[in-house]
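Engineer: Quick one: this structure, given as structure tokens, is what I'll be asking you about.
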Amino acid sequence: MDVMRESIDAIIGNIRKAEDLLTEEDIDSFLNVLRESKRIFVTGAGRSGLVGKAFAMRLMHLGFVVYVVGETTTPAIGANDCILAISGSGETSNIISAAKNAKKLGANVLAVTSYPESTLGKLADGKVVVKGRTKLEVDDKDYLKRQIHGNYTMLTPLGTAFELTSLVFLDALVPELMEAMDVTEEDLKARHTNLE
């Protein structure tokens with residue numbers, strides 16, 4: 001139980017640290033691209049992809065036309081669209097490939113990454129830096145050094161810190177969009193699936 005509590009503290013601490021790195025300019029730019037896009041395509045690999053799907057659902061509730069890359073019903077992307085790519089490393093090959101293709105076809109690229117100077121970061125028309133230990137930083141050779149300095153990264157293994165911080169960040173954008181678009185929770189509820 002102690003490890004679980006320490007893990008929760010580590011996750012919350014990472015979210016707080018990441019919050020300090022967010023700039024109003026980056027958030028405004030990010031939100032403007034979303035709002036000005038005809039359609040939004042969301043992509044991410046693994047757990048980052050699950051974070052993307054969660055945000056895509058909220059975008060749909062807000063009234064955006066949104067698709068998840070890789071689903072069988074996802075149409076072709078084009079000009080006036082944007083792709084929102086989530087990758088902690090900013091180097092995930094299929095995410096980079098999708099972003100490059102989208103850019104070539106005239107779409108804007110939004111990035112959520114820990115590395116603004118990564119390939120994805122450099123491709124992006126708008127980006128938000130979400131710091132969190134990514135799977136790139138997993139290195140067992142430094143285990144003893146981390147333990148000596150009290151850095152218990154096993155509390156958030158692999159990309160956990162990035163993924164959860166990204167989820168919180170993207171969910172926190174929803175009320176910003178609701179306010180800017182004058183959308184209520186009732187409006188969101190009206191678009192919620194009714195096939196359950």
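Engineer: Mind pulling the angle between the C-alpha long axis of helix 24-36 and the longest principal axis of the chain? Nearest 10 degrees, somewhere in 0 to 90.
Structural biologist: Orientation of helix 24-36: about 40 degrees from the principal axis.
Engineer: Would you kindly calculate the translational diffusion coefficient of the chain, applying Stokes-Einstein with the Kirkwood radius from alpha carbon pairs, for 10 °C and a viscosity of 1.306 mPa s, and quote it in µm² s⁻¹ without decimals? Walk me through the numbers on the way to the answer.
Structural biologist: On the way: Rh = 17.5 Å.
Rounded, D is 91 µm²/s.
Engineer: While we're looking at this one, here's another question. Please report Rg over Rh for region 2-43, where both radii come from the alpha carbon positions and Rh follows the Kirkwood definition. Can you show the working numbers first?
Structural biologist: Values: Rg = 15.9 Å, Rh = 12.9 Å.
Rg/Rh: 1.24.
Engineer: Enter the accessible area per residue of region 11-105 (Å², integer; probe 1.4 Å; all protein chains in place).
Structural biologist: On a per-residue basis, 52 Å².
Engineer: Quick check: at a probe of 1.4 Å, how many percent of the accessible area of the chain sits on carbon and sulfur atoms? Don't skip to the answer; put the middle values down first.
Structural biologist: Details: 5930 of 11230 Å².
Ligands and nucleic acids excluded, carbon and sulfur reach 53 percent.
Engineer: Let me ask another. In debye to the nearest 20, how big a dipole does the chain give about its Cα centre with +1 on each Lys and Arg Cβ and -1 on each Asp and Glu Cβ? Intermediate results must be reported in sequence, preceding the final value.
Structural biologist: On the way: 22 positive and 28 negative charges, 154 e Å.
So the dipole magnitude of the chain works out to roughly 740 debye.
Engineer: Which order do peptides 119-126, 16-23, 84-91 fall in by mean Cβ count within 10 Å, highest first? Walk me through the numbers before you get to the answer.
Structural biologist: Numbers: 119-126: 19.9, 16-23: 12.9, 84-91: 27.2.
My ranking of the peptides, most packed first, is 84-91, 119-126, 16-23.
Engineer: Using only the alpha carbons, work out the radius of gyration and Dmax of region 35-118 in angstrom.
Structural biologist: Expressed in Å, the Cα Rg and Dmax of region 35-118 come to 11.8, 33.
Engineer: Hey, if you put +1 on the Cβ of every Lys and Arg and -1 on every Asp and Glu Cβ in the chain, which of 173, 193, 105 ends up farthest toward the positive end of that dipole?
Structural biologist: 105
Engineer: Could you list, in their original order, any pairs among 17/189; 17/103; 17/127; 17/38; 53/127; 127/189 whose Cα atoms are separated by more than 23 Å?
Structural biologist: Details: 17/189 32 Å; 17/103 31 Å; 17/127 17 Å; 17/38 33 Å; 53/127 18 Å; 127/189 29 Å.
Distance filter (> 23 Å) returns 17/189; 17/103; 17/38; 127/189.
Engineer: Output the peptides 63-76, 28-41, 160-173 sorted from most to least packed, where packing is the average of other Cβ atoms within 10 Å over each peptide's residues. Please report the intermediate quantities before stating the final value.
Structural biologist: Details: 63-76: 13.6, 28-41: 17.4, 160-173: 21.4.
Packing order, densest peptide first, comes out as 160-173, 28-41, 63-76.
The values are calculated or read from the model by the stated rules, or taken from the named source; none is laboratory data. Values in this document were obtained by computation on a predicted structure and should not be read as measured data. Here the Cβ is made from the backbone with ideal geometry for all residues, glycine too, and neighbour counts use every protein chain on show. Side chains included, ligands, DNA and RNA excluded: accessible areas come from the protein's heavy atoms. Shrake-Rupley method; radii C 1.70, N 1.55, O 1.52, S 1.80 Å.
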